[in-house]
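Visitor: Before we start, here is the structure in question, set down as structure tokens.
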Amino acid sequence: MIVRRRPLFSVLGLGLAAAFLALLAYGLVLQSPNTTLDDAVQRGERPAAPGSSLDLPRLEGPGTRSLEDYRGKVVVLNFWASWCAPCEVEAPALQRIHEQLVATGRGTVLAPSFQDAITDSERFVQRLGLSFPIVRDVDTKLAAQFGTRNLPETFVIDPQGRVVAISRGQTDDRFLRDAVRRAGGGT
């Protein structure tokens, strides 16, 4: 019986090709946006907001804030950055909904900055006259849990800590009013 052996280079080539394909597939999975929350909200479900106990440093002053700190209130969670032009456009609508939520005692806007320098964030907040709580999402840990990759992104969370509505992109007064109403925040 004659046994044919494959040349070493063929075996190595096949192994390298398989490794390359596995790495490519892994990379595609990592680059794909996480739509688990989006899919659940579209089905009419209210999934638990991820990262609720993650403490994030406040932009101004000492201390931290987490979503858990606002349990029992509606939270409009808005990921933003000073370098994001749509973030600047939507900021007045977020300020208006924040003022309405605070006036009724029903909730707040909580805005984690995303890959933004502290001084740039501070200038942005001051220039636009924003009064809602701003936190720094150091290393984008909270953003990752929400599947956030592009800015701005807004998640409306009900008093039980469940996601009611999602805006992946620039939001406006109409979306905010409707989402806050569905979350139990009036308006």
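Visitor: Just give me the residues in the range 87-102 being under 17 Å from the mean Cα position of the chain (by Cα) and either closer than 14 Å to Pro133 by Cα or hydroxyl-bearing (Ser, Thr, Tyr) (or both), in sequence order.
Guide: Ala91, Leu94
Visitor: Follow-up. So in the range 135-153, with the set limited to residues that are assigned to a loop (DSSP other than H, G, I, E, B) and open to solvent by less than 70 Å² (accessible area, probe 1.4 Å), which one is nearest to Ile97 (Cα to Cα)?
Guide: Pro152
Visitor: Further question on the same structure: Could you check the range 154-178 and list, in sequence order, the residues that are farther than 18 Å from Tyr70 by Cβ and either free of Cβ contacts under 8 Å to residues at least 12 places away in the same chain or crowded, with 16+ Cβ neighbours inside 10 Å (or both)?
Guide: Of everything in the range 154-178, those that are farther than 18 Å from Tyr70 by Cβ and either free of Cβ contacts under 8 Å to residues at least 12 places away in the same chain or crowded, with 16+ Cβ neighbours inside 10 Å (or both) turn out to be Ser167, Arg168, Gln170, Thr171, Arg174, Phe175, Arg177.
Visitor: I would also like to ask the following. Could you say whether any residue in the range 117-127 is open to solvent by less than 10 Å² (accessible area, probe 1.4 Å) and within 13 Å of the chain's Cα centre (by Cα)?
Guide: Taking every residue of the range 117-127 in turn, none turns out to be open to solvent by less than 10 Å² (accessible area, probe 1.4 Å) and within 13 Å of the chain's Cα centre (by Cα).
Visitor: Could you grab me the full set of residues in the range 39-56 that are under 13 Å from Leu110 (Cβ atoms) and either of a type outside the set (A, V, I, L, M) or exposed (fewer than 14 other Cβ atoms within 10 Å of the Cβ) (or both)? Explain how you work it out, then say what you get.
Guide: Initially, the range 39-56 is screened for residues under 13 Å from Leu110 (Cβ atoms), giving 49, 51-52, 54-56.
Selection gives Gly51, Ser52, Asp55.
Visitor: Looking at (1) more than 22 Å from Ser53 (Cβ to Cβ); (2) touching a Ser or Thr at 6+ places or on another chain (Cβ under 9 Å); (3) open to solvent by less than 40 Å² (accessible area, probe 1.4 Å); (4) of a type in the set (A, V, I, L, M, F, W, C), which one does Phe132 not meet, given that it meets all the others?
Guide: Of the numbered conditions (1) more than 22 Å from Ser53 (Cβ to Cβ); (2) touching a Ser or Thr at 6+ places or on another chain (Cβ under 9 Å); (3) open to solvent by less than 40 Å² (accessible area, probe 1.4 Å); (4) of a type in the set (A, V, I, L, M, F, W, C), the odd one out for Phe132 is (1).
Visitor: Continuing with the same structure: Which residue is most open to solvent (accessible area, probe 1.4 Å), if the candidates are limited to the range 11-38 and must be of a type outside the set (A, V, I, L, M, F, W, C) and modelled with pLDDT of 60 or more? Show your work before the answer.
Guide: In the first step, residues of the range 11-38 are kept if they are of a type outside the set (A, V, I, L, M, F, W, C); the result is 13, 15, 26-27, 31-36, 38.
Still in the list and also modelled with pLDDT of 60 or more: 35-36, 38.
Working: Thr35: 60, Thr36: 96, Asp38: 32 Å².
Looking at the filtered set, the residue picked out is Thr36.
Visitor: Let me ask another. State the number of residues belonging to the range 71-88 that are touching a residue at least 60 places away in the same chain (Cβ under 8 Å), open to solvent by less than 50 Å² (accessible area, probe 1.4 Å), under 20 Å from Lys141 (Cβ atoms) and not in a strand (DSSP E or B).
Guide: The qualifying residues number 3.
The values are calculated or read from the model by the stated rules, or taken from the named source; none is laboratory data. Since we're looking at a predicted model, the values are computed, not measured. Cβ atoms come from the backbone with ideal geometry, glycine included; neighbour counts cover every protein chain shown. Side chains included, ligands, DNA and RNA excluded: accessible areas come from the protein's heavy atoms. Shrake-Rupley method; radii C 1.70, N 1.55, O 1.52, S 1.80 Å.
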